[in-house]
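Presented below is the structure to which this report refers.
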Amino acid sequence: MTPLPFERYLNEVTARAALLETLLAGAAPQTPLPTCPGWTLTELSVHVRGNLATLGGAAAGNPAREVPPRLTDCAEDFAAALRAAGPDAQTESWGLKQPARYWARRAAHDLTVHHADAALALGAPLEVAPDLAADGLDELLEMFAGEDLPGLRGLAGRSLHLHATDAGNAEWLIDFTGPSPTGSGGFTWRHAHQKATTAVRAPMTALLLLAYRRYPADSEDIQILGETAVLDTWLDHIALT
């Protein structure tokens, strides 16, 4: 799969921000988030607005810009700044320099996952387009694949197959590369239908939220075949807030 178009990511950011803002407006600010221990809806809003303002400010050449109080304003400012810069403009945030298209993708998926945090806390419905959810899982795998992850070295020789039950040919095969000369571990991945040590079958959105540790592996719509410890160990080492 190839990443989605630049404009699609920007549209997802503004649309998702509007959905999240509506959800937050009807809820108690101090509602705790079970998927982000120690956070409430207030901390979630501050985090998301701060991220968007930081990225938008960097793209606009004004990294110290003030954070708007409304989430939708932050999202609109972010999208406008990245559109003006263009998808190939090099933008540096948090010590990482990447083209604007990278940050558009990162923001779209970050906002989707944090919308899920709020929706799960409030028992609200959540809809994520299957192609966006699949791209989100691709992005997460790209961030960690090839990294030295010592905690995975015990999985040498094992593999993990993820299969979306509602998204056509959306499948991922994760191979654990085992110990390197320095004693570290890690994994590689590709889109493939192949037998693995452990297989996980679930709807696409559930797979994405499972990978982000937002959705429990024992949920009714998730089926795990084989060694569950392989899945648990992998998830423990790719966690993002």
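The values are calculated or read from the model by the stated rules, or taken from the named source; none is laboratory data. In this text the structure is predicted, and so the values were computed from the model without any measurement. Cβ sites come from the backbone with ideal geometry, for glycine too, and all protein chains shown count toward neighbours.
From THR14, THR35, THR54, which residue is of a type in the set (Val, Ile, Thr) and either over 17 Å from the mean Cα position of the chain (by Cα) or more than 20 Å from HIS115 (Cβ to Cβ) (or both)?
When all the criteria are applied, what remains is THR54.
Looking only at the range 58-78, count how many residues are surrounded by fewer than 20 Cβ atoms within 10 Å (Cβ to Cβ) and not acidic (Asp, Glu).
Residues in the range 58-78 being surrounded by fewer than 20 Cβ atoms within 10 Å (Cβ to Cβ) and not acidic (Asp, Glu): 11 in total.
For ALA192, work out the one condition from (1) modelled with pLDDT of 95 or more; (2) assigned to a helix (DSSP H, G or I) it doesn't fulfil.
So ALA192 meets the others, but not (2).
If only one of LEU23, LEU82, LEU96, LEU4 is surrounded by 15 or more Cβ atoms within 10 Å (Cβ to Cβ) and over 26 Å from ALA124 (Cβ atoms), which one is it?
The unique qualifying residue is LEU82.
Among helices (runs of 4 or more DSSP H) lying entirely in the range 34-123, which contain 1 or more residues that are acidic (Asp, Glu), assigned by TED's automatic domain parsing to the domain that holds VAL13 and touching a residue at least 60 places away in the same chain (Cβ under 8 Å)?
In the range 34-123, the matching helices (runs of 4 or more DSSP H) lie at 71-85, 100-122.
Go through the range 193-205 and report how many residues are within 17 Å of the chain's Cα centre (by Cα) and surrounded by fewer than 21 Cβ atoms within 10 Å (Cβ to Cβ).
Summing the residues that are within 17 Å of the chain's Cα centre (by Cα) and surrounded by fewer than 21 Cβ atoms within 10 Å (Cβ to Cβ) in the range 193-205 gives 1.
Just to be sure, is ASP148 of a type in the set (D, E, K, R), touching a Ser or Thr at 6+ places or on another chain (Cβ under 7 Å) and assigned to a loop (DSSP other than H, G, I, E, B)?
The answer is yes for ASP148.
Only one of these is of a type in the set (Val, Ile, Thr) and in contact (Cβ under 8 Å) with a residue 40 or more places away in the chain: THR233, THR165. Name it.
THR233
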